[in-house]
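To start, the structure under review is shown below, and the notes come after it.
The values are calculated or read from the model by the stated rules, or taken from the named source; none is laboratory data. As the structure is a computational prediction, the values presented were derived from the model and not from experiment. Quick reminder, even Gly has a Cβ in these numbers, built from the backbone with ideal geometry, and neighbours come from all protein chains shown. Areas reflect the complete protein model, heavy atoms only, side chains present, ligands, DNA and RNA absent. Shrake-Rupley method; radii C 1.70, N 1.55, O 1.52, S 1.80 Å.
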Amino acid sequence: MPAVGKREENRKRRAEDLLRAGLSLFLARGIEPVSIDDLTREAGMAKGNFYRYFPGKGELVEALLAPMAGAARTAMRRCAIAVGKAEDRPGLLEAYSRLALDLASLGLAERDRVRLYLQEKRAPATPATATIRTLSDEMDTGAIALTDMAIGRQLLRVRDPRVSALAVVGAVESLTLAYLSGRLDAPPAEVAQIVVAMVMEGLAG
């Protein structure tokens with residue numbers, strides 16, 4: 001293998017080592033208490049090497065959550081398109097059902113990253129958790145926008161779309177965190193069905 005290719009492979013492996021170390025330590029202790037020393041020690045490298053891969057802890061968190069965040073944003077965009085095309089209540093419920101299934105599947109596929117996101121969005125805001133705050137705000141705003149759109153198309157009757165949307169988001173997140181943290185003993189398929197029902201019944205009025 002050429003030297004350049006070998007160096008790139010090593011760089012990628014060490015960055016992945018830091019990501020794995022971050023996920024493990026952040027889940028166990030929270031993001032803020034974990035230091036760069038802790039991360040590099042867990043990853044088996046010198047502290048100075050950290051900055052060859054990430055400018056700071058916040059960038060590591062951003063890279064760690066990028067797959068989950070991208071999938072969540074895609075699910076919200078897909079739902080917005082579907083709601084915009086819905087012509088009746090069954091069409092709206094189908095759009096919400098697809099969103100719920102997408103999010104439930106994401107929770108199962110990226111369970112540790114989703115658990116980290118849900119744990120940290122309830123913690124005090126810090127520079128290292130800016131990515132989590134941004135995604136949280138986007139999900140809340142997106143849920144309200146979906147409800148507004150459905151109301152505008154006369155497919156829903158909701159007094160205050162903010163209350164309706166945020167109540168559903170909060171309930172779904174609490175249920176998901178309880179399941180992913182092991183506080184809810186239920187089969188994955190059953191949890192997914194509950195999430196689907198909560199989204200459909202809550203946002204659909």
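Values of log10 I(q)/I(0) for the range 109-188 across q = 0.12 Å⁻¹ run -0.43, by the Debye formula with one identical scatterer at each alpha carbon and no solvent. Semi-axes of the equivalent ellipsoid of the range 1-87 are 33, 19, 9 Å, computed as sqrt(5λ) over the eigenvalues of the C-alpha gyration tensor in descending order. Global dimensions of the range 49-205 from alpha-carbon coordinates: Rg and Dmax equal 16.3, 57 Å. Using only DSSP helix segments of four residues or longer, with each worth -39500 (n - 2.57), what per-residue ellipticity at 222 nm results for the chain after dividing by its residue count and rounding to 500? Mean residue ellipticity, 222 nm, calculated: -25500 deg cm²/dmol. Note on Glu16/Glu87: beta-carbon distance plugged into 1/(1 + (r/R0)^6) with R0 of 41 Å gives a FRET efficiency of 0.30.
Please state the relative contact order of the range 1-61 as a whole percent: Cα pairs under 8 Å, 6+ residues apart?
Working: 32 pairs, mean separation 19.8, N = 61.
Reported as a whole number, the value is 32 percent.
The trypsin sites (Lys or Arg not before Pro) of the range 134-176 that meet both conditions, a loop assignment by DSSP and at most 13 other Cβ atoms within 10 Å of the site Cβ, are Arg157, Arg159. Summarising the label geometry, the points placed 7 Å from Cα in the beta-carbon direction at Arg7 and Thr134 lie 2.9 nm from one another. Helices assigned as whole DSSP H runs in the chain whose Cα atoms extend at least 15 Å along their own long axis and whose mean Kyte-Doolittle hydropathy is -1.0 or higher are found at 3-29, 57-85, 89-109, 130-152, 161-180, 188-203. Length gained on full extension, Arg52 to Arg78: 5.7 nm, using 0.36 nm per residue less the C-alpha separation. With a 1.4 Å probe and all protein chains kept in place, how much accessible area does Leu92 have, in Å² rounded to the nearest 10? Ignoring ligands and nucleic acids, Leu92 comes out at about 0 Å². Once the chain from Ser105 to Ser35 is taken as fully extended at 0.36 nm per residue, the excess over their C-alpha distance is 22.0 nm. Taken about its Cα centre, the chain carries a charge dipole of roughly 480 debye when the Cβ of each Lys and Arg holds +1 and the Cβ of each Asp and Glu holds -1.
What is the gain in length, in nm to one decimal, between Ser174 and Arg122 on full extension, counting 0.36 nm per residue of separation less the C-alpha to C-alpha distance?
Residue separation times 0.36 nm, minus the Cα-Cα distance, leaves 17.7 nm.
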